[in-house]
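The numbers here are math on the coordinates, done by the rules we state, and not lab data. All values reported here derive from a predicted model rather than from experimental measurement. No Cβ is skipped: glycine too gets one built from the backbone with ideal geometry, and neighbour counts run over all protein chains shown.
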Amino acid sequence: MTRIGIIVGSTRPGRRGRIVAEWVAATAARQQPSADFDIVDLADFDLPLLDEEQPALFGRYAHAHTVRWAEAVARYDGYVFVTPEYNRSLPGALKNAMDFAYAEWNDKAAGFVGYGLHGGIRAVEHLRLILAELKVATVRSQAALTLHHDFTFAAPTEPGEVTPGPQAHQALTATLADVVVWSRALAQVRTGAVA
């Protein structure tokens, strides 16, 4: 069965990423029953700033935290990145985590759910560039949640609840379908069935 990791791209206290990832996982369970979706929360890995002496390209990991993260990345056929937009880009914790591994990302597919004042679209655009270097094929469709329309919260400092409208639901439906199809297709590349 195709396995998709839903990566929570922020580790900041009070973040909304976890509740967005839970919405993605619940939607995926209803709409894509032929694939397994797991939430992969960066906060659970406690990665320091990149501390490997060798570039990840060589796959020689010296630290237990790197091995644990690389094994988690390798477990999946594709990914859905849930990312906020911080200062017109992705969170530093997400970029740092991506830099810890290389081959484990290769020849897989990724989709995106961005959130923020403007739907996290600039963070997603930067992610697309980074993932191209990691040999990850990104799907065109993406969901963009805005803080003003797709969340309800009692105070701006609280995560609140995800309350996406029909447009966000349609975008997520398309994104999930694309990620599953592309992940399956790229499995042939990873096994050498496509030369």
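Assuming charge only on the beta carbon of Lys and Arg (+1) and of Asp and Glu (-1), the dipole of the chain about its Cα centre is about 400 debye to the nearest 20.
Only Cα pairs under 8 Å and at least 6 apart count here; give the relative contact order of the stretch 2-191 as a rounded whole percent.
24 percent
Available extension along the chain between GLU22 and ALA155 is 45.8 nm, counting 0.36 nm per residue and deducting the alpha carbon span.
Loop-resident GluC sites (Glu not before Pro) (DSSP state other than H, G, I, E or B) in the stretch 1-90 with no more than 10 further Cβ atoms inside 10 Å of their Cβ: GLU53.
In the chain, helical runs assigned H by DSSP with n ≥ 4 each contribute -39500 (n - 2.57); averaged across all residues and rounded to the nearest 500, the mean residue ellipticity at 222 nm is -12000 deg cm²/dmol.
Spatial offset of the stretch 1-58 relative to the stretch 69-86 amounts to 5 Å, using the alpha carbon center of each. Taking a ≥ b ≥ c as the square roots of the eigenvalues of the Cα gyration tensor, the stretch 2-191 is oblate, since a/c reaches 1.5 or more and a/b is not larger than b/c.
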